[in-house]
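I have placed the structure first, in the form of structure tokens, so that the comments after it can refer back to it.
Just so you know, all these numbers are worked out from the coordinates, no wet-lab data involved. Being a predicted model, the structure only gives us computed values, none of them experimental. Positions of Cβ are generated from backbone atoms using ideal geometry, with glycine treated the same way; all protein chains shown enter the neighbour counts.
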Amino acid sequence: MSHYDYDKALHFMIWGQWDDLLVLMVRTRDEFLSKKIETFLHSAYYPSKQSEMLESHEALLSYIDHAQATTLQPSFFT
């Protein structure tokens with residue numbers, strides 16, 4: 001998986017760029033990231049309860065944090 005997908009997802013979430021987050025959801029190869037983005041965007045656009053939106057937001061951030069920690073960082077000095 002591309003480490004840049006996680007950076008982009010985090011950037012788009014912080015700045016509220018939902019359209020770009022949707023494009024990333026479609027283009028990423030990480031199916032878990034795609035599903036987490038889908039769940040978050042769905043709960044953001046069709047909120048039935050605020051707690052569901054907050055839970056999906058936290059789940060997406062938690063996954064991005066985990067994925068960034070476990071994905072190898074590109075090394076420019078090798």
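Among the residues of segment 1-53, which ones are within 13 Å of residue 64 (Cα to Cα) and charged (D, E, K, R)?
5, 7, 8, 30, 31, 35, 36 - these are the residues of segment 1-53 that are within 13 Å of residue 64 (Cα to Cα) and charged (D, E, K, R).
For segment 1-45, which residues satisfy the criterion of being part of a helix (DSSP H, G or I), polar (S, T, N, Q) and crowded, with 19+ Cβ neighbours inside 10 Å?
43
Please work out if residue 54 is within 10 Å of the chain's Cα centre (by Cα) and without any contact (Cβ under 8 Å) to a residue 60 or more places away in the chain.
Against the criterion (within 10 Å of the chain's Cα centre (by Cα) and without any contact (Cβ under 8 Å) to a residue 60 or more places away in the chain), residue 54 does not qualify.
Could you grab the pairs with beta carbons closer than 7 Å, sequence gap of 6+ or different chains, first residue in segment 1-16 and free of Cβ contacts under 8 Å to residues at least 40 places away in the same chain, second one of a type outside the set (D, E, K, R) and part of a helix (DSSP H, G or I)?
5/24; 5/33; 8/24; 12/21; 12/24
Going through segment 17-42 one residue at a time, which ones are closer than 10 Å to residue 60 by Cβ and either free of Cβ contacts under 8 Å to residues at least 12 places away in the same chain or hydroxyl-bearing (Ser, Thr, Tyr) (or both)?
Hits for segment 17-42 are 35, 39.
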